[in-house]
């Protein structure tokens with residue numbers, strides 16, 4: 001299973017989002033630090049879920065990182081988060 005698919009599964013299972021996009025932006029970072037052949041190094045996650053409504057921006061980001069877990073985030077060089085409540 002790809003890293004993107006693992007991210008989607010973890011986030012969908014935890015937050016039941018109304019919008020979830022996991023975008024592999026690795027190719028745009030070719031030659032930069034952390035890039036490796038085959039991609040799956042640089043990601044952008046766009047997620048909207050009611051669960052984020054009462055949280056601060058920092059708490060939303062922490063919740064996403066906790067849902068992904070250290071094993072999954074440890075395999076990614078860069079992760080941009082766009083997290084908001086519905």
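Within the set 67, 50, the sole residue that is surrounded by 12 or more Cβ atoms within 10 Å (Cβ to Cβ) and either more than 14 Å from residue 11 (Cα to Cα) or more than 15 Å from the chain's Cα centre (by Cα) (or both) turns out to be 50.
Contact map, the range 43-71: first residue at positive phi, second residue in a helix (DSSP H, G or I) and surrounded by 12 or more Cβ atoms within 10 Å (Cβ to Cβ), Cβ cut-off under 8 Å, separation 6 or more or different chains; pairs are 69/10.
Only the coordinates and a few stated rules stand behind these numbers; no lab work does. Not measured: the values here are computed from a predicted model. So basically every Cβ, Gly included, is an ideal-geometry build from the backbone, and we count neighbours across all protein chains shown.
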